[in-house]
1. Here is a check on your reading of the model: is Phe182 over 15 Å from the mean Cα position of the chain (by Cα), over 24 Å from Pro38 (Cβ atoms) and in a strand (DSSP E or B)?
2. Considering only residues of region 92-128 that are without any contact (Cβ under 8 Å) to a residue 60 or more places away in the chain and in contact with a Leu (Cβ under 9 Å, 6 or more places away or on another chain), which is surrounded by the most Cβ atoms within 10 Å (Cβ to Cβ)?
3. Working carefully through the options Ala135, Ala89, find the one that is hydrophobic (A, V, I, L, M, F, W, C), crowded, with 18+ Cβ neighbours inside 10 Å and either touching a residue at least 12 places away in the same chain (Cβ under 8 Å) or out of contact with any strand residue (DSSP E or B) (no Cβ under 7 Å at 6 or more places or on another chain) (or both).
4. Is there a residue in region 142-158 that is basic (Lys, Arg) and without any contact (Cβ under 8 Å) to a residue 12 or more places away in the chain?
5. Would you check if there is a residue in region 162-178 being surrounded by 14 or more Cβ atoms within 10 Å (Cβ to Cβ), under 18 Å from the mean Cα position of the chain (by Cα) and not β-branched (Val, Ile, Thr)?
6. Identify, please: which residue in region 1-13 is more than 10 Å from the ligand (Cβ to nearest atom) and assigned to a loop (DSSP other than H, G, I, E, B) and is, among those, farthest from Ser59 (Cα to Cα)?
Amino acid sequence: MELDVKQNRKAWEAASQKHVREYDELLAQARDETSLFPREQELLRPLLRPGPVVVHPQSGHGLDDIALVAAGATRVVGVDFSPTAVASARRRAVDLGVPCHYVVGQMPGAPLANACADVVYTGKGALIWMPDLDAWATDVARLLRPGGWLFLYESHPAVPLWTWDEDEPRIRGDRGYFERGFVNDTFPGHGAVEAQATLGEVVTAVVRAGMEVRVLEEYAEPFWRAGGVDAAAWRGSLPNSFALMARKVDVGG
Ligand SMILES: C[S@@+](CC[C@H](N)C(=O)[O-])C[C@H]1O[C@@H](n2cnc3c(N)ncnc32)[C@H](O)[C@@H]1O
C-alpha cells in the first residue's frame, strides 16, 4: 500500500471542485464567522499579535487564511497543489479584499523563498498526505525565519483506530497505531491511501528539523465530523486532534 502523490493530486483536484460548487456558502462563512477553534485562537493570539506574515501549506479552501488575517496576520500565503483549490481561495480573498495570496505548489518543496514566514500555519487534514515527515518538517523549517513559529492543528494519529459506531467507542482490528498507512474507507476520502505517523514521530521530525516544541496538546474534539455521523469515539473519552507549537531555533538568541 503506497501513497501515490500524482494520484492524490488528481483526487484533490476533483475533490476541490466542491469549493467551486459551494463558493457562495463558503464566501458567506468566511465573511461572517471564524474557522479557527476557540483553543486555536487562544494559542495563536501571541503569535498573531505582532502582525506576522503567515505561510499556510496545504491551504485548501483558505477559510483559515481569512480568519488568520481577521485575528492579526498582516498577510497569508497559501500553498496547495490543487489549482482548483488555489483558484477558489484566491477568488474569495479578492472578493473580500483580504491580504491572502495563493501559489500552486507541492509540499514538501513549497515554491517560496527561505525564511519568508514569521509563522507557518498548517494541519486539519494535511499531515496524512505527507509520507516523509522529515522532508515535510525540513521544508517548514526552511520557510520560517529564525525565531519563527510552526503552528500545527491536526487530526490525532490514533484516529484511524476508532470505529464510527454510535453506541460505544471501539478499536478497529484491521488497523494499527504503528502502521505506515491505510486505505480510507469512509467519506470523503474513500479509497485514498493516507499516511500514518505516531505522535512521537511527528514531534521528532519537528525537533530534528531545528524547531523547539513549546506546546503539545491533545483534544477529545475532532477537527472535523462527517455529516450525519455521531461516533461514540468523538464524545470525549478518546484523543481526536492535537495542537503543536514549535519555534525555529534562533542561533542569534
Ligand atoms: C484536507 S485538505 C485541508 C486543507 C486545509 N487545511 C483546510 O482546512 O481547508 C488537504 C489539502 O492538502 C492539499 N494537498 C495534499 N497533498 C498535498 C501536497 N503534497 N502538496 C500540496 N498540497 C497538498 C490538498 O489539495 C487539499 O487542499
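All of the numbers you see were taken from the coordinates with simple rules; none came from a lab. Every value quoted in this text rests on a predicted model; they were computed, and no experiment measured them. Counting neighbours? That spans all protein chains shown, and the Cβs are built from the backbone with ideal geometry, glycine included.
1. Numbers: over 15 Å from the mean Cα position of the chain (by Cα): yes; over 24 Å from Pro38 (Cβ atoms): yes; in a strand (DSSP E or B): yes.
Spelling it out, Phe182 is indeed over 15 Å from the mean Cα position of the chain (by Cα), over 24 Å from Pro38 (Cβ atoms) and in a strand (DSSP E or B).
2. Ranking the qualifying residues of region 92-128, first place goes to Cys100.
3. Ala89
4. Checked against the condition, which is being basic (Lys, Arg) and without any contact (Cβ under 8 Å) to a residue 12 or more places away in the chain, region 142-158 yields no hits at all.
5. no
6. Met1
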